[in-house]
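A.B. asks: I am attaching a structure below and will ask some questions about it afterwards.
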Amino acid sequence: MSSQDSASQSPGAKWTMLQLPDDVFVHSEKRPWVAMGEFGGSYVKVLHADKARNIAVFLYQLSPNSVFPMHEHLCTAIAYTLHGDWAYGDIELHKGSLAFETPGSTHAPVTGDTGFTVITVLLGEPGQKALLRSQDPETLEVSELGIEFFIELMDAPGAEGVDDRH
């Protein structure tokens, strides 16, 4: 059925179940944790990356007592904390916390003794080239990450010894 068919689900009539061709269902244990080489102690498990809609959904882990480099969101980002504690300056987040970040938000997550695991959704605009920009703290060089980066991570080899901490 098409999205046109879903518009016919009207009040007063019994609705039918619709699974559309673009619906995706993922079992996270079938996706690998991938080490983010340039960001030590940082791991990502991409659950879905949709090029047409420019949306990435992934689990992200940062090891205990670590700092992720300064980065800027070029899209809306939603992160729900599944495990651990982390902070952006004075903003402290813990298990059950939600971060809803708008384009232009710039920060560097810091972890304490537990590290953290979040599920993150990046909501880009169709055709938008980059979803995130990061800055190397030493060289101040800026790199951009687009949906292709997340698509490539779905097929990357997994890291050794990383498990789901949620």
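A.B. asks: How much length, in nm to one decimal, is gained on full extension between Glu144 and Glu125, taken as 0.36 nm per residue of separation minus their Cα-Cα distance?
C.D. replies: 5.3 nm
A.B. asks: Of the candidates Pro109, Pro21, Pro69, which one comes out as most mobile in a Gaussian network treatment of the chain with C-alpha springs shorter than 10 Å?
C.D. replies: With Cα springs under 10 Å in the chain, the top fluctuation among Pro109, Pro21, Pro69 is at Pro21.
A.B. asks: Below 8 Å, C-alpha to C-alpha, sequence gap of six or more: please give me the relative contact order for the chain in percent.
C.D. replies: On the way: 353 pairs, mean separation 41.8, N = 166.
So the answer I get is 25 percent.
A.B. asks: Using r as the Cβ-Cβ distance of Ile151 and Glu29, and R0 as 22 Å, what FRET efficiency do you calculate, to the nearest 0.05?
C.D. replies: On the way: r = 20 Å, r/R0 = 0.91.
That gives a FRET efficiency of 0.65.
A.B. asks: Can you give the Kirkwood hydrodynamic radius of region 74-166 from its Cα pairs, in Å with one decimal? Don't skip to the answer; put the middle values down first.
C.D. replies: On the way: mean 1/r = 0.0670 Å⁻¹.
One decimal place: 14.9 Å for the Kirkwood radius.
A.B. asks: Considering the chain as a Gaussian network with a 10 Å cut-off on Cα pairs, which listed residue, Leu131, Leu82, Leu20, attains the greatest mean-square fluctuation?
C.D. replies: With Cα springs under 10 Å in the chain, the top fluctuation among Leu131, Leu82, Leu20 is at Leu20.
A.B. asks: Right, next: Using DSSP to call loops (not H, G, I, E or B), can you name the chymotrypsin sites (Phe, Trp or Tyr not before Pro) in region 13-107 whose Cβ has at most 15 other Cβ atoms within 10 angstrom?
C.D. replies: Of the chymotrypsin sites (Phe, Trp or Tyr not before Pro), the ones in loops of region 13-107 whose Cβ has at most 15 other Cβ atoms within 10 Å are Trp15, Phe25.
A.B. asks: Sticking with this structure for a sec: Multiplying the sequence separation of Glu92 and Ser10 by 0.36 nm and subtracting their Cα-Cα distance, what value in nm do you get? Could you put the intermediate results ahead of the total?
C.D. replies: Details: separation 82, 0.36 × 82 = 29.52 nm, distance 4.36 nm.
Separation in residues times 0.36 nm, less the Cα-Cα distance, equals 25.2 nm.
A.B. asks: Using Cα centres only, tell me the gap between region 86-126 and region 32-67 in whole Å.
C.D. replies: Going from one Cα centre to the other spans 13 Å.
A.B. asks: Then there's this: Can you tell me which of Ile78, Ile91, Ile119 moves the most in a GNM of the chain? Springs connect C-alpha atoms under 10 Å apart.
C.D. replies: Its mean-square fluctuation being the largest, the pick is Ile91.
A.B. asks: Measuring from the lowest to the highest alpha carbon on each principal axis, how far does the chain reach, largest first, in angstroms?
C.D. replies: Principal-axis extents of the chain (Cα, largest first): 59, 35, 31 Å.
A.B. asks: Are there GluC sites (Glu not before Pro) in region 9-79 that DSSP marks as loop and that have at most 13 other Cβ atoms within 10 Å, and which are they? Before the final figure, lay out each step's value.
C.D. replies: Working: sites: Glu29, Glu38, Glu72; in loops: Glu38.
The qualifying sites are Glu38.
A.B. asks: If you don't mind, there's one more thing I want to ask. Considering the dipole of the chain built from charges on the beta carbon (Lys and Arg +1, Asp and Glu -1) around the Cα centre, which of Thr139, Thr120, Ala52 is farthest to its positive end?
C.D. replies: With unit charges placed on the Cβ atoms, the residue in question is Ala52.
Just so you know, all these numbers are worked out from the coordinates, no wet-lab data involved. Keep in mind that what you see is a predicted model, and the values were worked out from it rather than measured. Cβ sites come from the backbone with ideal geometry, for glycine too, and all protein chains shown count toward neighbours.
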